[in-house]
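One structure is given below, encoded as structure tokens.
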Amino acid sequence: MKLNKENIIKEITSIVNKTEIYDIHTHLYPEGFGELMLYGFDEMITYHYLIAETLRIIDIPYSDFFAMKKRDQADLIYKTLFIERSPLSESCRGVLTTLKMLGLNINSQNTQEYREFTSSFSAKEYTNLVLEKANIKKLVMTNDPFNNIERKIWKYKPDIDSRFKSALRLDFLINDFKSARHTMLRMGYNVTSTLTGLTKREIKRFLHDWIVKTNSLYMAISVPPDFTLLENSSRAIIIEECVLEVSYELNVPLALMIGVKRQTNPELDLAGDSCGKANIETIEYLCKKFNKNKFMVTMLSRENQHELTILARKYRNLFIFGCWWFLNNPSLIKEITTFRTELLGLSYMPQHSDARILDQLLYKWTHNKDIITKVLIKKYNKLLDVGWELTTEKIEEDVNRLFYKNFEDFLNLKL
Ligand code: HDL
Ligand code: ZN
């Protein structure tokens, strides 16, 4: 159907809402992963974003808060952020959007009802309910071989819901090899504290084994703002001489998530991380030197996102994705998605959810799509202004690229 000034808003909104999503970075797990699968009201309310926002306001010692039962933590957060104040933050609004999408009355403030709602479903039924409502066709987990609970689950070959794909997370290996190697020794990899030829071969064997075991689509690491490879560090050597070799051999991209300052406030646990501006030259170095490797990159600092978008124009082996973490807010998603579209057209992945609790898919994608839709309407209107003819079929193809196909094409790309 032809698009015009009269129908463009309705048609683009409808197309974005019905386009199936590939959520390429989450911390979600299917029911086969036992305690790692998080869902329901108490998990949602004790999301680390909301913990940080609550502990700014109340003055109980952090340790007293973390000693509380999860239900009591949830009640305190709900009272502090939703009852005593209007829930204006993005994470608070997300809870309301989620409860509303589940058909619950957000104004009843009946937390018992919210809690009971989830328990009326099996884990599988709830997974189907949320994935279907959020229109998620596939999502990618964060699979950490150094997590003792998760490693045990993989040992017994978990029954994995086919919609849940894997990504091998290597922060511990890359950022703390001295400690990681003890775990690797226990796993049967003959790695010494110095990166000898044998140790590097064993690290590659470990990577190969775990990519195959988990059927990972990519390897991922998050690194601090001062991330550089122009140093003789174990991080630089392992990335260049182990990770990137296996990445090329198996045609499995390396995802770099850059700019996180881990545990800026260690008393806040998961909520204690912050961000900083990184040096884009490191990504330039990687894309240039390893021009047959594929890199998925997102950065945590707003300023870096502009530099990264420019760099993506220079290197076809650089796939940029998401408005990560502290950038996952409407004002920043709007700005970043706008300049990415202006500079890259449709060759990027606008968003991932980073969801930790299954229910969050409902609000994270609803809020994301609302902003992305508005940006697309503005940009397609500019094409109509110049007289370019648009059809809904063409827009459907475009939007499918943004939310799904770009990622699959990049995975299949062989350089
Ligand atoms: O390192 C990461 O993958 C981040 O997404 C962290 O998990 C962070 O705590 C988070 O959940 N951000 O949304
Ligand atoms: Zn994450």
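May I ask you to verify whether residue 124 is part of a loop (DSSP other than H, G, I, E, B), closer than 19 Å to residue 35 by Cα and of a type in the set (D, E, K, R)? No; evaluated as a whole, the condition is false for this residue.
Assessment of the range 50-58 against the conditions (modelled with pLDDT of 95 or more, surrounded by fewer than 18 Cβ atoms within 10 Å (Cβ to Cβ) and over 26 Å from residue 331 (Cβ atoms)) yields at least one matching residue. The residues in the range 312-334 that are farther than 21 Å from residue 405 by Cα and either crowded, with 18+ Cβ neighbours inside 10 Å or within 15 Å of ligand 1 (Cβ to nearest atom) (or both) can be counted, and the count is 6. From the list 404, 380, the lone residue that is of a type in the set (Phe, Trp, Tyr) and farther than 27 Å from residue 125 by Cα is 380.
Within the range 212-222, count every residue that is more than 16 Å from ligand 2 (Cβ to nearest atom) and either buried (at least 22 other Cβ atoms within 10 Å of the Cβ) or small (Gly, Ala, Ser) (or both). Selection size over the range 212-222: 0.
So, in the range 26-53, of the ones that are outside any helix (DSSP H, G or I) and among the β-branched types (Val, Ile, Thr), which residue ends up nearest to residue 323 (Cα to Cα)? Before you say what the answer is, go through the steps one by one.
So the first thing to find is which residues in the range 26-53 are outside any helix (DSSP H, G or I), and the list is 26-30, 37-40, 46-47.
Checking which are among the β-branched types (Val, Ile, Thr) leaves us with 26, 46.
Numbers: 26: 13, 46: 22 Å.
The residue in question is 26.
In summary, residue 80 fulfils each of the numbered conditions (1) at pLDDT below 95; (2) under 25 Å from residue 109 (Cα atoms) with the single exception of condition (1).
Taken together, the criteria exclude residue 383 from residues that are away from ligand 2 (no atom under 16 Å from the Cβ), in a helix (DSSP H, G or I) and surrounded by 23 or more Cβ atoms within 10 Å (Cβ to Cβ). Is the range 241-263 home to any residue that is within 16 Å of ligand 2 (Cβ to nearest atom), charged (D, E, K, R) and surrounded by fewer than 17 Cβ atoms within 10 Å (Cβ to Cβ)? Scanning the range 241-263, I find at least one residue that is within 16 Å of ligand 2 (Cβ to nearest atom), charged (D, E, K, R) and surrounded by fewer than 17 Cβ atoms within 10 Å (Cβ to Cβ), so the answer is yes. When only residues in the range 36-59 that are under 20 Å from the mean Cα position of the chain (by Cα) and farther than 23 Å from residue 106 by Cα count, which is farthest from ligand 2 (Cβ to nearest atom)? Result: 37. Checking each residue in the range 132-172 for being in a helix (DSSP H, G or I) and either surrounded by fewer than 22 Cβ atoms within 10 Å (Cβ to Cβ) or within 16 Å of ligand 2 (Cβ to nearest atom) (or both) picks out 132, 133, 148, 149, 150, 151, 152, 153, 154, 155, 171, 172. Annotation: of all residues in the range 70-115 being outside any helix (DSSP H, G or I) and of a type in the set (Ser, Thr, Tyr), the one that is nearest to residue 48 (Cα to Cα) is 89. For residue 291, indicate whether it is closer than 16 Å to residue 223 by Cβ and away from ligand 1 (no atom under 15 Å from the Cβ). For residue 291, the condition - closer than 16 Å to residue 223 by Cβ and away from ligand 1 (no atom under 15 Å from the Cβ) - is not met. Evaluate the following for residue 355: is it within 22 Å of residue 140 (Cβ to Cβ), assigned to a loop (DSSP other than H, G, I, E, B) and either away from ligand 1 (no atom under 16 Å from the Cβ) or aliphatic (A, V, I, L, M) (or both)? Considered against the rule, which asks whether it is within 22 Å of residue 140 (Cβ to Cβ), assigned to a loop (DSSP other than H, G, I, E, B) and either away from ligand 1 (no atom under 16 Å from the Cβ) or aliphatic (A, V, I, L, M) (or both), residue 355 comes out as yes. Restricting attention to the range 206-249 and to residues that are hydrophobic (A, V, I, L, M, F, W, C) and within 16 Å of ligand 1 (Cβ to nearest atom), the residue that is farthest from residue 286 (Cα to Cα) turns out to be 217.
The values are calculated or read from the model by the stated rules, or taken from the named source; none is laboratory data. Since the structure is predicted, the reported quantities are computational estimates derived from the model, not experimental observations. Glycine also receives a Cβ, built like all others from the backbone with ideal geometry; neighbour counts cover every protein chain displayed.
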